[in-house]
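Inspection log for the structure reproduced underneath, given as structure tokens.
Here, each number is a calculation from the coordinates, and none is a lab measurement. Just so you know, these numbers come straight off a predicted model, no measurement behind them. Cβ placement follows ideal geometry from the backbone for every residue including glycine, while neighbour counts extend to all protein chains displayed.
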Amino acid sequence: MTKKIARSGLLLSIALILSYIESLFPFFYGIPGMKLGLPNMAIVLTMYLFGNSEALIINILRIIISGFLFGNLFGILFSICGALISFLAMLIVKKIDLFSIYGVSVTGGVFHNIAQLFVAAFIVKTSGIIYYMPFLILGGVITGFINGIVAGNTGIYLKKYLR
Amino acid sequence: MRIIKNDIVLISIFIIVSIVSFVVVFASASFGSRVIVSINGTTMYELDLSEDIEIDIDSEYGHNKLVIEDGECFLSDADCPDGLCIKQGKISKNGQSIICLPNKLVLTIKGEDETEIDTIAR
């Protein structure tokens, strides 16, 4: 139990550092909803090493904490939608068990961007931003893939020390 | 960690969806309702695309003739040396623009519900 607490704290801090780095790039190339999704690296990693429930807890905690540290309350509500939908999508893809960490990470990236776009569309009450959809899907694939490479490869080494 | 065949299939599906949505979105781009005329960055006129009109736009940079016809907007005449703005043709869809560089003139089509997004997602 103590080990689990320490481990979760470590993973949460990794996620928070990645959130901070991400907050330095607020609007990626001016497309709303487009994110690098760096914290998702830590979430995917946790999912694979320690299970889904731990990953979900870390995911929610990192949104709340990073929201208070680097953002505002509105930002928390905004990104929690994206994160939860993306998490759900990743969970489904992982449960299907046909894909490796790459497939799961790419799904997470794509659904995160799509969810954020829909939230943005709802808030500004314009359908105009649906124009960004193709770019957001493509962006999600690229960032999700890169996250998958990092999470997959660091996972091999972290597994030895964190278990 | 090695990528497996199923991942490549999944990624390909996403990329295909992205390309298809790109085609769909831009083929069905909505028609704008207004044209914004700006000279050297300042908005001079905002005209309704639904009314047919012909106006002369004169400024210190030169002269252009703007025509709105059947919900489409174009420049029919200009004194700029290259005449590229006339060749840019008719515009009617949201976000399209005609730019006359020598006369510093920009026409942009805007929709009804244009709202800027000023919140930052984290």
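Which value, in debye to the nearest 20, gives the size of the charge dipole of the protein assembly as shown about its Cα centre, when Lys and Arg are +1 and Asp and Glu are -1 at the Cβ?
That gives the protein assembly as shown a dipole magnitude of about 2920 debye.
Pairing rule first: another cysteine's C-beta must sit under 4.7 Å. Under that rule, which cysteines of the protein assembly as shown stay single?
When partners are defined as cysteine Cβ atoms under 4.7 Å apart, the protein assembly as shown leaves A:CYS81, B:CYS73, B:CYS80 without one.
In nm, to one decimal, how far is the A:ASP97 label point from the A:LEU10 one, both placed 7 Å along Cα→Cβ?
Simple spin-label model gives 2.9 nm for this pair.
Taking Cα atoms of the range B:34-110, Rg/Rh with Kirkwood Rh, to two decimals?
Taking Rg over the Kirkwood Rh, I get 0.91.
Say the cut-off is 28 Å between C-alpha atoms; which of A:LYS35/B:LYS104; A:LYS95/A:LYS160; A:LYS159/B:LYS5 go over it?
A:LYS35/B:LYS104
Would you calculate the separation in nanometres between label points at A:CYS81 and B:GLU69, each defined as 7 Å from the Cα along the Cα-to-beta-carbon direction?
About 4.4 nm, to one decimal.
So the label point goes 7 Å from the Cα of B:ASN40 along Cα→C-beta, right? Which residues of the range B:58-77 then have their backbone N under 11 Å from it?
B:59-62
What Rg and what Dmax come out for the range A:2-162 when only alpha-carbon atoms are used, in angstroms?
Rg and Dmax of the range A:2-162, Cα atoms, are 15.0, 50 Å.
Rounded, prolate or oblate: which one fits the protein assembly as shown, using the alpha carbon gyration tensor with axes a ≥ b ≥ c (rounded when a/c is under 1.5, else prolate when a/b beats b/c, else oblate)?
prolate
Averaged across A:103-111, how many Cβ atoms of other chains sit within 10 Å of each residue's Cβ atom?
Counting other chains' Cβ atoms within 10 Å and averaging over A:103-111 gives 3.
If contacts are Cα pairs under 8 angstrom and at least 6 residues apart, what is the relative contact order of chain A in percent?
Worked out over chain A, it gives 26 percent.
Counting only helical runs of four or more DSSP H residues, what would the 222 nm mean residue ellipticity of the protein assembly as shown come to if each run contributes -39,500 (n - 2.57) and the total is spread over all its residues?
The per-residue figure over the protein assembly as shown is -19000 deg cm²/dmol.
Sort the following peptides by mean Cβ neighbour count (other Cβ atoms within 10 Å, averaged over residues), highest first: B:52-61, A:133-142.
Most protected by this proxy first, the peptides run A:133-142, B:52-61.
Considering the zone a paramagnetic label at B:ILE4 would reach in this model (a point 7 Å from Cα along the Cα-to-Cβ line), which residues of the range A:41-56 have amide N under 20 Å from it?
Taking a point 7 Å out along Cα→Cβ of B:ILE4, the residues of the range A:41-56 whose backbone N falls under 20 Å are A:44-52.
Suppose R0 equals 30 Å. What FRET efficiency, 1/(1 + (r/R0)^6) with r the Cβ-Cβ distance, do A:PHE25 and A:LYS160 give to the nearest 0.05?
Efficiency, from the Cβ-Cβ distance: 0.40.
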